[in-house]
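First the structure, in the form of structure tokens, and then the observations on it.
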Amino acid sequence: MSRSATLPESGRRFSVAKPFIYLVLGILLVTQLYPLVWLFLYSFKTNDEILSGSFFSLPDVWQIENYQAAIESGNYWKYLSNSLIVTSITMVSVILLASLAAFAITRFQWKYGQMVLLLFLLGMMIPLQSTLLPLMIIFKNMDILNTHLSLILPYIAFQTPISVFILSGFMKSIPNEIEESAIIDGAGVFRIFRSIVLPVSIPPIVTVCILTFINIWNEYILAATFISSERLKTLPFGVNSFVGQYSVNYGAIGAYLVLGALPVIIIYFLLSERITKGMVAGAVKG
């Protein structure tokens, strides 16, 4: 008797569809990796090679000088340190605020909990561009325009809703018996939050950290609107250093983009599994 005859109907259908699944996955892989490979090759080319339109060719001579120009002329280290400061403060603030809000929404028995969660979800629908003018006026009146605080505050506001959504979905799944036992032992609300809820919620917290980092690291619109001081600019501004009145150093721009994207790519590849687990925990368990 042949092997196919012993397989159930569902197994035979899967074996027939397997090549098609692999083909689709292969196409998606090439589609996702091609821009990264193209940018990497782009960063080692001269202006003449880039303007010739040969997108698939290797550089005739690998221009290491493009990376030297990106670091020196693009003020890479200065802008990198500014981005690290803004991103780190924002990440810590978002985790603290979102975890406290999700804890209050999901673990307290109060009738406005779902309404508050709905307000956070509505915050996810507000387009960033629609807030530029009001925020400009507010920050000018507060005298914090052209400071890192003018970036940190809106970053926190825009990242907190999705973070509350992820964390609240996970915290709903925590058994109430754990908290009841802690209350019997004399633990207060903040002790329960610090010693029980936070340690259990590490997977979605890691997801929130990574998503916040990725969303803020390359953000340009708010940074270009609220920051004009050279010493306070963040990493995306370095691209402008290679655009002159009469010429553009395209190779150095490519090298700068590679250097700017490298931290995000490394973190995502190292922690991609945690991102998936955290998103599934927040969506399925909730």
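The values are calculated or read from the model by the stated rules, or taken from the named source; none is laboratory data. The structure displayed is predicted, hence computed values, not measured ones. Here Cβ is always computed from backbone atoms with ideal geometry, including for glycine, and neighbour counts include all displayed protein chains.
Descriptive notes on the structure:
- Within region 27-63, tally of residues that are free of Cβ contacts under 8 Å to residues at least 12 places away in the same chain, polar (S, T, N, Q) and in a helix (DSSP H, G or I): 2
- Test: residue in region 222-242 that is surrounded by fewer than 19 Cβ atoms within 10 Å (Cβ to Cβ) and under 15 Å from the mean Cα position of the chain (by Cα): no
- Answer residue from region 47-100, given it is among the small types (Gly, Ala, Ser) and buried (at least 16 other Cβ atoms within 10 Å of the Cβ) and is modelled with the lowest pLDDT among those: Gly74
- Index of the failed condition, Glu179 passing every other in (1) surrounded by fewer than 17 Cβ atoms within 10 Å (Cβ to Cβ); (2) over 24 Å from the mean Cα position of the chain (by Cα); (3) touching a residue at least 12 places away in the same chain (Cβ under 8 Å): (1)
- Evaluation of Leu97 against the conditions (1) touching a residue at least 60 places away in the same chain (Cβ under 8 Å); (2) in contact with an Asp or Glu (Cβ under 7 Å, 6 or more places away or on another chain) shows that the sole unmet condition is (2).
- Considering the conditions (1) buried (at least 18 other Cβ atoms within 10 Å of the Cβ); (2) at pLDDT below 80, Lys277 is excluded by exactly one of them, (1).
- Some residue of region 110-129 being out of contact with any Lys or Arg (no Cβ under 8 Å at 6 or more places or on another chain) and under 28 Å from Ser241 (Cα atoms): yes
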